[in-house]
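Here the structure is laid out as structure tokens; the discussion comes afterwards.
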Amino acid sequence: MLGEVWAETAACRQLKNPDDMFVQGAAQHRVKNLCNQCQVRNECLAEALDNQTEFGVWGGMTERERRILLRRRSDITSWKDLLKFSRAKFDEVTNARRSRVR
């Protein structure tokens, strides 16, 4: 994650204590709410999935949720590429719909 430009704009940067991202139980839900409002959520999640990060909440997913996803989708070789592609397609469809509404 060091050197990644997206990390500089992450919502979790506002936390006084970075350890707050590495909590257990119900506290994880509070952290996930912060992630849900983050503009770089996909980049963060891709970082954690591609590097199989074991601890903490990353991109709105707990370590357990990420393990399940990695097991279910072991065919994916680059989450960064997949999420970037998915985001581009989403933006394309959204822009097309907006153009039709005008």
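What to note about this one:
- Estimated from the Cβ-Cβ distance and a Förster radius of 22 angstrom, the FRET efficiency linking residue 85 and residue 36 is about 0.50.
- Debye log10 I(q)/I(0) at q = 0.18, 0.24 Å⁻¹ for the chain, Cα point scatterers: -0.90, -1.32
- Stretch gain in nm, segment residue 17-residue 100, where the contour uses 0.36 nm per residue and the Cα spacing is subtracted: 25.3 nm
- Degrees separating the helix 41-50 axis from the principal Cα axis of the chain, which is the longest one: 60 degrees
- GNM flexibility winner over the chain from 77, 53, 62 (Cα, springs under 10 Å): 77
- Sparsely packed loop sites in the stretch 28-102 (the chymotrypsin sites (Phe, Trp or Tyr not before Pro) outside DSSP H, G, I, E and B with at most 12 other Cβ atoms within 10 Å) comprise 55.
- Most fluctuating residue given options 84, 32, 16, as computed from a GNM of the chain linking Cα atoms under 10 Å: 16
Only the coordinates and a few stated rules stand behind these numbers; no lab work does. Note that the structure is a prediction, hence the values are computed from the model and not measured. Quick reminder, even Gly has a Cβ in these numbers, built from the backbone with ideal geometry, and neighbours come from all protein chains shown.
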